[in-house]
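Nothing in this text is a laboratory measurement; each read-out follows from the coordinates by a stated rule. Values in this document were obtained by computation on a predicted structure and should not be read as measured data. Neighbour counts are summed over all protein chains in view; Cβ atoms, including those assigned to glycine, are modelled from backbone coordinates with ideal geometry.
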Amino acid sequence: MIEIKSLHKSYKTGSTSLHVLKGIDFSVKEGEMVSIMGSSGSGKSTLLNILGILDEADEGTYTLDGVLIKNLNEKIAARYRNKFLGFIFQSFNLINYKSALDNVAMPLYYQGVKRAERLDRAMHYLEKVGLAEWATHLPNELSGGQKQRVAIARALASDPKVLLADEPTGALDSKTSYEVMEIIQTINDEGKTILLVTHEDDIAHMTKRIVHLKDGIIIDDSPVKQQRAKTALHV
Amino acid sequence: MFDLERWQEIFEAIRKNKLRTFLTGLSVASGIFILVILLATGKGIENGVAKQFERDAASRISVWTGVTSQGYKGLNPGRFIQLKNNDFDQTVLKYQDQLEYKSSIYRIWSGLTTYNNENGSYRIEGALPDYQFLENESMTAGRFINNYDQENYEKVAVIGQKVYTDLFKGKKAIGEYIDITGIKFKVIGVFTDPGGEREEARIMMPLSTSQRVFNAGENIRNIAFTLQSTGNFNRDVEASNVFTTQLEDQLKTRHTIAPTDNRAITVRSNLQETKRFYDLNNMISLFFWAVGICTIIAGVVGVSNIMLIIVKERTKEIGIRKAIGAEPWSIIWMIMHESIFITAIAGFLGLIFGLGLLELAGPAIETEFISNPSVDFNIAISTVFILIIAGAIAGFFPAYRAAKIKPIEALNDD
């Protein structure tokens with residue numbers, strides 16, 4: 001599903017250049033659930049941005065679902081993001097003047113789906129994350145966990161190939177974190193490929209594979225025994 | 001433009017951001033409102049001044065005389081110059097190809113006039129048939145003096161509307177006899193004059209009759225002409241200037257007046273005054289336009305300023321939309337569509353308020369210098385469109401920049 005070869009990325013700040021990614025080789029197969037770990041500055045968010053076509057690598061190749069992602073113009077990049085990827089952010093990034101339902105329906109709007117069908121499909125995903133009765137509420141009327149569940153529903157709405165989550169539980173307490181992880185695990189169980197950036201060990205152990213990043217290179221990449229969030233909740 | 005889905009998006013954004021919408025709209029609406037009021041005031045002043053000029057024929061040339069101020073060829077200063085029938089006849093003969101209307105006038109400033117038990121003192125003017133057009137008069141009843149009256153010394157009178165209401169109180173006047181300074185005159189017509197009551201408190205009679213009745217002999221007080229129009233205003237003004245200079249020189253020679261004496265004979269052309277009035281009016285409307293355009297520019301700057309703030313405020317939202325899959329042009333269209341919609345609605349609201357105020361308060365404003373303030377609807381509509389287009393252009397650049405922002409940068413913007 002995802003194929004990365006010797007990826008390099010550096011940022012220029014004034015005269016100094018910061019080499020963030022120093023040759024990443026990495027691949028993810030369909031249906032995998034991978035967490036990327038590392039301390040801050042290790043380059044994990046940069047890697048995720050490149051995977052999400054929000055940023056471009058300086059060197060190396062990136063193939064997503066058989067399509068080479070290179071030198072895309074804004075329009076094609078937007079189309080690929082809409083078609084292939086679903087995003088979950090640490091700070092939720094919901095549009096605050098739109099209801100939960102309208103937020104979830106947004107990616108479908110950009111796919112050109114008609115309003116009635118859009119809302120119907122959005123409702124289906126809200127039901128999936130257990131927020132059907134909150135559909136008409138605005139984001140500021142929801143708790144943090146609820147907001148993240150709306151964001152997950154939104155990421156799923158366009159039926160993407162890969163779900164990218166950047167510290168999805170970073171702003172949540174551990175109980176809510178586990179609830180959110182439980183939903184993400186369920187989605188993975190249904191076959192969706194998931195990439196998750198985190199620096200929390202317990203969250204990382206709820207995925208099936210952990211990639212450790214340090215100073216821009218992968219120092220460890222190994223499968224782990226998945227800890228189910230449901231059981232963690234009842235400990 | 002008529003994408004229903006986008007309209008729904010925009011209405012949602014507008015509904016959820018009422019203050020922002022209100023502020024944008026206010027600056028546009030007030031700009032158009034002020035412009036409408038300004039243009040209407042300019043138009044009102046133009047109308048008011050134009051009214052002042054309607055009293056007499058616009059191209060009238062008048063001759064009157066006074067006392068010489070300089071000695072000339074052995075004659076003392078202080079000599080009164082008396083115009084005679086001859087002066088008029090010779091001028092007419094010399095310039096007959098150029099002249100349109102012509103009349104000499106004999107005048108008594110106050111003549112006691114009686115009808116039954118009503119009486120009043122009015123200006124009495126003896127004149128020729130053309131005088132009706134030189135004075136811009138129209139008949140409400142009967143007819144004006146004609147050549148037969150003039151040739152036969154007919155004792156007939158044409159009375160002004162004011163005289164008619166004073167003496168006849170609405171009764172039939174034509175064919176009745178009025179008594180002017182002890183002599184009976186038959187009323188043959190009633191006239192109105194755009195100059196109003198002052199000009200309508202007059203009685204006209206044939207020149208020949210007036211000279212005989214008032215023992216004036218060959219004397220006349222004034223001469224009035226209009227020239228044939230060439231159809232071109234500037235050429236008319238020029239012809240009128242040439243004519244007045246020639247006539248003045250000629251009359252000065254005839255009456256032995258120093259060429260530099262400006263008191264003894266005056267030949268004045270209304271056309272010059274009219275030209276000055278048109279120039280003044282052009283200046284006034286130019287001024288109001290300049291102020292109006294500045295108002296529009298201020299409105300456009302206001303709109304673009306607000307657009308800039310809107311884009312800044314929505315940076316994060318734009319980032320989210322882009323991450324979700326919005327293409328750059330859809331972002332640009334979204335922002336511009338909203339701004340065009342708001343400026344259009346607000347612009348027309350301002351227009352309606354301005355026109356409404358004019359409709360209500362306009363008729364009440366009727367002074368000597370402002371009359372019937374109104375605005376050309378087409379001009380008002382075009383300014384609204386100019387504002388909308390300018391607003392769209394002003395909105396485009398921030399929108400374009402917003403669409404260029406990288407989604408990650410926008411998302412990190414807190």
Post the alpha-carbon centroid distance, region B:191-219 to region B:93-114, in whole angstrom. 9 Å
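Within 13 Å, Cβ to Cβ, of A:Tyr62, how many net charges do the neighbouring residues add up to if Lys/Arg are +1 and Asp/Glu are -1? It would help to have the intermediate numbers written out before the result.
Details: positive: A:Lys5, A:Lys9, A:Lys70; negative: A:Glu3, A:Asp25, A:Asp55, A:Glu56, A:Asp58, A:Glu59, A:Asp65.
Once all neighbours under 13 Å are counted, the net charge is -4.
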Out of the GluC sites (Glu not before Pro) in region A:163-235, which ones are loop residues according to DSSP with at most 12 other C-beta atoms within 10 Å? A:Glu190
About its Cα centre, what dipole magnitude does chain A give when the only charges are +1 on Lys and Arg Cβ and -1 on Asp and Glu Cβ, stated in debye to the nearest 20? 480 debye
The local net charge around B:Asp261, scoring Lys/Arg +1 and Asp/Glu -1 for residues other than B:Asp261 whose Cβ lies under 11 Å from its Cβ, equals +2
Given B:Phe191, B:Thr165, B:Val237, which one lies farthest toward the positive end of the charge dipole of region B:146-240, if we put +1 on the Cβ of every Lys and Arg and -1 on the Cβ of every Asp and Glu? B:Thr165
If N is the residue count of region B:100-227, its Cα Rg over 2.2 N^0.38 Å rounds to 0.95
What are the radius of gyration and Dmax of region B:1-143, computed over its Cα atoms and given in Å? 31.9, 98
Amide hydrogen neighbours beyond the local backbone of B:Tyr72, cut-off 5 Å, H modeled: none
The simple spin-label model distance between A:Asn71 and B:Arg212, using points 7 Å out along Cα→Cβ, in nm, is 11.0 nm
So how compact is the protein assembly as shown: Cα radius of gyration and Dmax in angstrom? 45.4, 136
Angle in degrees between helix B:85-95 and the longest Cα principal axis of chain B, rounded to the nearest 10: 50 degrees
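Just rank B:Phe168, B:Phe233, fewest to most, by other beta-carbon atoms within 10 angstrom. If you can, show how the numbers build up before the last one.
Details: B:Phe168 19, B:Phe233 15.
With the fewest neighbours first, B:Phe168, B:Phe233 line up as B:Phe233, B:Phe168.
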Toward the positive end of the charge dipole of region B:261-414, about the Cα centre and with charges on Cβ (Lys, Arg +1; Asp, Glu -1), which of B:Gly362, B:Asn372, B:Phe348 goes farthest? B:Phe348
Averaged across the residues of A:107-113, what count of C-beta atoms belonging to other chains lies within 10 Å of each residue's C-beta? 4
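Among B:43-50, A:79-86, how do they line up by average Cβ neighbours within 10 Å per residue, starting with the highest?
A:79-86, B:43-50
Which order do the peptides A:14-21, A:99-106 come out in when sorted by mean C-beta neighbours inside 10 angstrom, highest first?
On the way: A:14-21: 12.2, A:99-106: 24.8.
With the highest mean Cβ count within 10 Å placed first, the list reads A:99-106, A:14-21.
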Mind jotting down the three principal axis lengths of chain B based on Cα atoms? Whole angstrom, largest first. 104, 56, 34
Which one, A:Leu47, A:Phe92, A:Leu108, is farthest towards the positive end of the dipole of region A:23-149 when Lys and Arg carry +1 and Asp and Glu -1 on their Cβ? A:Leu108
Give a quick list of trypsin sites (Lys or Arg not before Pro) in region B:251-298 that DSSP marks as loop, anything other than H, G, I, E or B, with at most 16 other Cβ atoms within 10 Å. B:Arg263
In region B:329-414, what is the volume of the convex hull around the alpha carbon atoms, normalised per residue and reported in Å³? 123 Å³
Rounded to the nearest 10 degrees, the helix A:74-84 long axis (Cα) sits at an angle to the longest Cα principal axis of chain A of 60 degrees
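Using unit Cβ charges (K, R positive; D, E negative) and no other charged atoms, how large, in debye to the nearest 20, is the dipole of chain B about its Cα centre?
Values: 43 positive and 45 negative charges, 108 e Å.
Computed charge dipole of chain B: roughly 520 debye.
Can you give the mean number of other chain Cβ atoms that lie within 10 Å of the Cβ atoms in peptide B:9-19? Walk me through the numbers on the way to the answer.
Values: counts 5, 0, 0, 5, 3, 0, 1, 6, 1, 0, 0.
Mean shielding count: 2.
To the nearest whole number, what is the average tally of beta carbon atoms from other chains within 10 Å of the beta carbons of peptide B:325-334?
Working: counts 19, 8, 9, 5, 3, 4, 2, 0, 0, 0.
That average works out to 5.
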Between 0 and 90 degrees, rounded to the nearest ten: what's the tilt of helix B:233-254 against the longest Cα principal axis of chain B? 30 degrees
Within the set of other residues whose C-beta is less than 15 Å from the C-beta of A:Met37, count the net charge using Lys and Arg as +1 and Asp and Glu as -1. -4
Return the long-range amide H neighbours of B:Arg107 (sequence gap of 5 or more, or a different chain), with a cut-off of under 5 Å between placed amide H atoms. B:Gly126, B:Arg221
How do B:150-162, B:24-36 rank on mean C-beta neighbours within 10 Å, highest first? B:24-36, B:150-162
In whole Hz and in residue order, list the ³J(HN,Hα) couplings for region A:33-42 that follow from phi through the Karplus curve 6.51 cos²θ - 1.76 cosθ + 1.60, θ = phi - 60°; x for Gly and Pro. 10, 10, 10, 10, 10, x, 6, 5, x, 7
Amide hydrogen neighbours beyond the local backbone of B:Ser371, cut-off 5 Å, H modeled: B:Ile45, B:Asn47, B:Gly48
